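Below is one structure; the comments refer to it alone.
The numbers here are math on the coordinates, done by the rules we state, and not lab data. None of the values given here were measured: they were computed from a predicted structure. Cβ atoms come from the backbone with ideal geometry, glycine included; neighbour counts cover every protein chain shown.
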Amino acid sequence: MKPLLSAFALGCLLLSGCASTSVQERRQAAAAVAQQAGWQRLELDAGAFVLAAFAPAGLAQAGALTVYIEGDGAAWVDGGTPSFDPTPRNPLALRLAIADTRGQAVYLARPCQYVEGQSRRQCAAHYWTAGRFAPEVIDASDRALDQLKARYGAERLELVGYSGGGAVAALLAARRRDVARLVTVAGNLDTRAWTSALGVSPLSGSLNPADAWRALSTVPQRHYVGAKDRVMPPDIAASYAAHFPADRKPEIVAVPGYDHRCCWVETWPAPPDGLPGMAAARR
């Protein structure tokens, strides 16, 4: 079996997602995107990690809150060297959150993204490489959701995860009882199928959303996949859905012409209906 690093080398090359820009430039880019939209930055002390978040300034309290969860970010300097900081070059989930004008939306970063100084506690590279979905990562995100709910007076959550954030969103939905809907965009819903498809070692120490299918079987779901996505091929979502019984299959929507990054933001929150159903996810 090929080394684990080659999986991330592939993603790095396909996405141009290696940490070629400075951490400060990446933080400033996200801050500019947020500021232009009238959003403000928050920091949430979530146990093992401090998590960054963005929300509209003056966001009113409401019964329902949509939380967008970021992807894996700039995990690698190159194909074989983990980055010092996983802050994304392109905060796609933040852009999706800002584009969502349906109601109350906020954005939650992953551990060690957009934080510095003492807020970088526990920031070992394991947590944005092989252990990116480790139990302690999900625990911290779970605590962050509790804080966001309390801050904005929400009773129900809609979780929207992009790429690796889709795995986090699914794992959170599996353990919580307040998630009204789970949505993913190019989400990593079956890490075992993903590493197997790429012919690389498993994500050691990480949880797999597909293993939580029983807990997720009662959660309304919609999973968007890009028909041209080479980073997260449509077969990954199909493998996830195959765990569910016939009467509990989650909805998979494969969108023609879309890949891992194009063209979700431009059409959000209503991408083309595409090719719904499991057969479409395999095309």
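Listed values, structure above:
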read-out: Gaussian network model of the chain, Cα within-10 Å springs - most flexible of F49, F133, F244; value: F244
read-out: Dipole magnitude of the stretch 5-281 about its Cα centre (Cβ charges: Lys, Arg +1; Asp, Glu -1), debye to nearest 20; value: 220 debye
read-out: For the chain, built as a Gaussian network whose Cα springs stay under 10 Å, the top-fluctuating residue of V200, V23, V160; value: V200
read-out: Local electrostatic count, L145, Cβ distance below 9 Å [Lys/Arg +1, Asp/Glu -1]; value: 0
read-out: Amide hydrogen neighbours beyond the local backbone of A134, cut-off 5 Å, H modeled; value: L207
read-out: Fully extended contour minus Cα-Cα distance, from T267 to R156, at 0.36 nm per residue; value: 37.4 nm
read-out: Computed [θ] at 222 nm, deg cm²/dmol, the chain (DSSP H ≥ 4; -39,500 (n - 2.57); rounded to nearest 500); value: -9000 deg cm²/dmol
read-out: Amide proton proximity set for Y162, modelled H, under 5 Å, gap of 5+; value: I69, G71, V185
read-out: Hz values of 3J(HN,Hα) by residue in the stretch 44-61 - Karplus curve (6.51, -1.76, 1.60), Gly and Pro given as x; value: 10, 6, 10, x, 5, 10, 9, 10, 7, 8, 10, 8, x, 4, x, 4, 6, 6
read-out: The chain: most fluctuating residue of A37, A60, A154 per GNM, C-alpha cutoff 10 Å; value: A60
read-out: For the chain, alpha-carbon Rg over 2.2 N^0.38 Å; value: 0.91
read-out: Amide H within-cut-off set for A46, under 5 Å, with H built and near neighbours excluded; value: L51
read-out: Label point distance in nm, D211-D247, each placed 7 Å from Cα along Cα→Cβ; value: 2.9 nm
